[in-house]
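The values are calculated or read from the model by the stated rules, or taken from the named source; none is laboratory data. Note that this is a predicted model, so its numbers are computed, not measured. Don't worry about glycine lacking a Cβ; one is built from the backbone with ideal geometry, like all the others, and counts go over all protein chains shown. Surface accessibility is based on the protein's heavy atoms, side chains included, excluding ligands, DNA and RNA. Shrake-Rupley method; radii C 1.70, N 1.55, O 1.52, S 1.80 Å.
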Amino acid sequence: MCQQKGRNSKITSMLPHNFIPSSCDIICGKGKDCYDHIGNKWFRHIVSLYIDEYIAAGENKFKKIKIVSAIFNKVQESGNNTGFVSKDRRSGKWREVSVTRAREKIGHELRIIVSRREKKAEKSKKLYHEAQKFRRLYVIQQAIFVELKAKSDMEIALVQDEEMDDVQYTMMEDNAIEEIDDMDLMYML
């Protein structure tokens with residue numbers, strides 16, 4: 001393997017010209033191909049196992065460095081010739097990345113997962129507050145509905161009372177007319 005200076009003066013090793021990343025390799029790069037590579041999926045799973053510890057480390061850089069080292073060692077100890085690789089843009093050849101760059105990749109992935117968790121928590125919090133707002137509006141709407149129904153029932157009762165009064169008045173008039181005998185009619189004329 002040929003040694004070359006890579007990005008930021010970090011030594012990297014060129015891999016054979018017929019090298020194809022296996023499911024055990026972690027591809028350092030951008031894009032869907034790198035993200036969807038099975039080795040990168042496995043890598044994200046390993047990193048996610050350490051995320052709670054990383055968050056608990058807070059601002060303590062020493063603890064964070066230890067976590068990155070633990071992840072790096074876990075990847076290296078997994079066997080199967082697992083390695084961090086990248087494709088040279090100019091030559092199109094694959095190279096094994098330096099330990100420093102591999103650690104940077106681990107740190108970057110940790111920060112991405114933390115950021116996603118924070119965004120998810122913020123979104124959940126926002127959705128919770130929106131749901132609470134709709135619940136309050138629903139309670140207000142129900143109270144208004146009950147009040148309007150009661151008012152409507154009262155209006156119906158008043159109309160029925162008025163109709164009843166009209167009916168009773170008409171009945172009283174009918175009774176009064178029936179009580180008038182023919183003699184009274186003659187006097188009225």
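Probe radius 1.4 Å, ligands and nucleic acids left out: which of M14, M154 has the largest accessible area, and how do the rest follow?
Descending accessible area places them as M154, M14.
Kindly report, to the nearest 10 Å², the accessible surface of K61 as traced by a 1.4 Å probe over protein heavy atoms only.
Rounded to the nearest 10, the figure is 150 Å².
Rounded to the nearest 0.05, what FRET efficiency is calculated for V99 and E122 with R0 set to 41 Å and r the Cβ-Cβ distance? Please list the in-between numbers first.
Values: r = 35 Å, r/R0 = 0.85.
Efficiency computed from Cβ-Cβ geometry: 0.75.
Can you compute the FRET efficiency between V114 and D36 using 1/(1 + (r/R0)^6), with r the Cβ-Cβ distance and R0 = 25 Å? Round to the nearest 0.05.
So the FRET efficiency works out to roughly 0.70.
For a quick check of understanding: with a 1.4 angstrom probe and all protein chains in place, what accessible area in square angstrom does F62 have, to the nearest ten?
That residue has around 140 Å² of solvent-accessible surface.
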